[in-house]
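Please treat every number below as a calculation from the coordinates, not as lab data. What you see is a predicted model; the values in this text were computed from it and never measured. Here the Cβ is made from the backbone with ideal geometry for all residues, glycine too, and neighbour counts use every protein chain on show.
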Amino acid sequence: MNFDKIVSNLASSGVLGGLAGGAVGGALVNSKKARKTAGTLLKVGGVAALGTLAWKAYRGYQDGNASPASATTPSTNDPVWQGIKKQQFAISTDDSQQGSTALLLVQAMIAAACADGHMDGDERQRIMARVGEMGLAADEKALVFDALQAPLSLAELCERVDSPELAAEVYLSSMMAVDRGRTEAEFYLDALAFRLGLPEGLVIRLQQEVAKVEHKALA
């Protein structure tokens, strides 16, 4: 299963970054910025690059907490967030295990894109038809169909997150899949960060890393 191909097709077809917003109007009107961001992500390393971005955010968060200026900013002394190594953020795209990190991140992206919950039956059928036209293998289409028909709830998604580094990657993936200009998307991301137990300072760093990718995409 080619997870990079799945993300590429979801982005180019307007599912990511606009499923929540576009489906409400009865059309797949996607976020141009989100589509370009996903495209840039694929160019710099694909799904595996999410781990690199999450590591950069974590390192910046740790460096900020260690500086004198951090005394005036929110921080956490939770040992869960201390001493995480770079290799722990590595994402394998080996599809031999259905419970892989890459699979969960794709599911997280689709769950985020569905987050506003305004899809009726007709709009869902339009989306399914678009997915059917994607250049994906049968098992890849099945993954997308399943994730769209029954997107993971916040509780289900967070239950599958078993490490702090994966929590950061799930949040990062979700952030890249939505149009953050929409109130519903912001509510979803806030709730996700809370359920994942992400420190406020780390959330800010993750947002900054996504902003850098967006800047490259739109340059």
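Residues E156, E165 in ascending order of nearby Cβ atoms (within 10 Å, fewest first): E156, E165. Highest mean first, the peptides 2-9, 100-107, 145-152 sorted by other C-beta atoms within 10 Å per residue fall in the order 100-107, 2-9, 145-152.
Over 25 Å between C-alpha atoms is what I'm after, so list which of K86/K141; K56/K141; K5/K212 land there. Cα-Cα > 25 Å for K86/K141; K56/K141; rest within. Annotation: peptides 180-193, 199-212, 126-139, 46-59, ranked by per-residue average of other Cβ atoms within 10 Å with the highest first, follow the order 46-59, 199-212, 180-193, 126-139. As a rough guide to protection, the peptides 157-164, 82-89, 172-179 ranked by mean Cβ packing within 10 Å, highest first, stand as 172-179, 157-164, 82-89.
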